[in-house]
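The values are calculated or read from the model by the stated rules, or taken from the named source; none is laboratory data. All of these numbers come straight from a predicted model, not from anything done at the bench. Methodologically, a virtual Cβ is constructed for each residue, glycine included, from the backbone with ideal geometry; neighbour enumeration extends over all protein chains shown.
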Amino acid sequence: MKIIIRHLGLCNWLNIEKNMYVFTKNRDKNTIDELWLVEHNPVFTYGISEKKYNISHIHGIPVFNSIRGGKITYHGPGQLTVYLLINLQRKKIKFYKLVQKIEVVIVKVLQDLKISSYTDKKWPGVYVKKKKICSLGFRIIKGCSLHGLSLNVNMNLTPFKYIDPCGNKNISMTQIKKFNKNISMKIIKDLFIKNFFIFFDYFIINN
């Protein structure tokens, strides 16, 4: 099955969420799926299950309510965020399977970098040495997914200390740079796309 990949660079989070929503609401059964690979300007976002953070800024960083599921998280430069705009009905993927498959893709990306990682059934995402390296958050509209994952590559992790990441006060965050000093965002993007194609059975038509 075909997929369009868009490398959108450093983006404003509000614009991206709006564009994702419009894309999903307007798509039909023939619309080609897309992956959007982005980095974000510093921002906190929280999903529909978060009740704690009804404020406009935390330590000068803006806070926005999101249409995705899940609790609060942080996005910033040096973090690869991938938005999955996939027609799950057409791909015959149930939501829980989407989450599992994405976790496996990230575990394989890290394995390619010789970083051992694992998942936790209670707390979705991917972990290395008891610290979280990748967070997930989705929304399903008309049988199609939007939002996706954020993988910490080479970023300032300090803002995560201002919140309870993903609603868990016991979670500490880590990133690929700690385990692989010479990493680049391009390497991570290439590894992600390679493993995504393997596990989701797509081929690229646009890059």
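Inside the range 1-19, can you point out the residues that are surrounded by 14 or more Cβ atoms within 10 Å (Cβ to Cβ), among the aliphatic types (A, V, I, L, M) and not in a helix (DSSP H, G or I)? Across the range 1-19, the qualifying residues are I3, I4, I5, L8. Of all residues in the range 20-66 being within 17 Å of the chain's Cα centre (by Cα) and surrounded by fewer than 15 Cβ atoms within 10 Å (Cβ to Cβ), which is nearest to Q79 (Cα to Cα)? Result: N41. Within the range 144-187, restricting attention to residues that are polar (S, T, N, Q) and in contact with a Lys or Arg (Cβ under 6 Å, 6 or more places away or on another chain), the residue that is surrounded by the most Cβ atoms within 10 Å (Cβ to Cβ) is T174. Would you be able to say whether some residue in the range 148-158 is within 17 Å of the chain's Cα centre (by Cα) and either part of a helix (DSSP H, G or I) or of a type in the set (D, E, K, R) (or both)? For the range 148-158, residues within 17 Å of the chain's Cα centre (by Cα) and either part of a helix (DSSP H, G or I) or of a type in the set (D, E, K, R) (or both): absent. Contact map, the range 49-77: first residue of a type in the set (D, E), second residue at pLDDT below 90 and part of a loop (DSSP other than H, G, I, E, B), Cβ cut-off under 7 Å, separation 6 or more or different chains; pairs are E50/K71. Considering V82, V107, the condition of being aliphatic (A, V, I, L, M), modelled with pLDDT of 95 or more and not in a strand (DSSP E or B) is satisfied by V107 alone.
When you look at C134, is it without any contact (Cβ under 8 Å) to a residue 40 or more places away in the chain and of a type outside the set (D, E), yes or no?
Values: without any contact (Cβ under 8 Å) to a residue 40 or more places away in the chain: yes; of a type outside the set (D, E): yes.
So C134 fits the description; yes.
Only residues that are in a loop (DSSP other than H, G, I, E, B) and either in contact with a Ser or Thr (Cβ under 7 Å, 6 or more places away or on another chain) or modelled with pLDDT under 95 (or both) were counted across the range 131-144, and they come to 1. If you go through the range 51-79 and keep only what is of a type in the set (D, E, K, R) and at pLDDT below 90, you end up with K51, K52, K71.
Answer yes or no as to whether S117 is among the small types (G, A, S) and either surrounded by fewer than 17 Cβ atoms within 10 Å (Cβ to Cβ) or within 21 Å of L8 (Cα to Cα) (or both).
Numbers: among the small types (G, A, S): yes; either surrounded by fewer than 17 Cβ atoms within 10 Å (Cβ to Cβ) or within 21 Å of L8 (Cα to Cα) (or both): no.
Against the criterion (among the small types (G, A, S) and either surrounded by fewer than 17 Cβ atoms within 10 Å (Cβ to Cβ) or within 21 Å of L8 (Cα to Cα) (or both)), S117 does not qualify.
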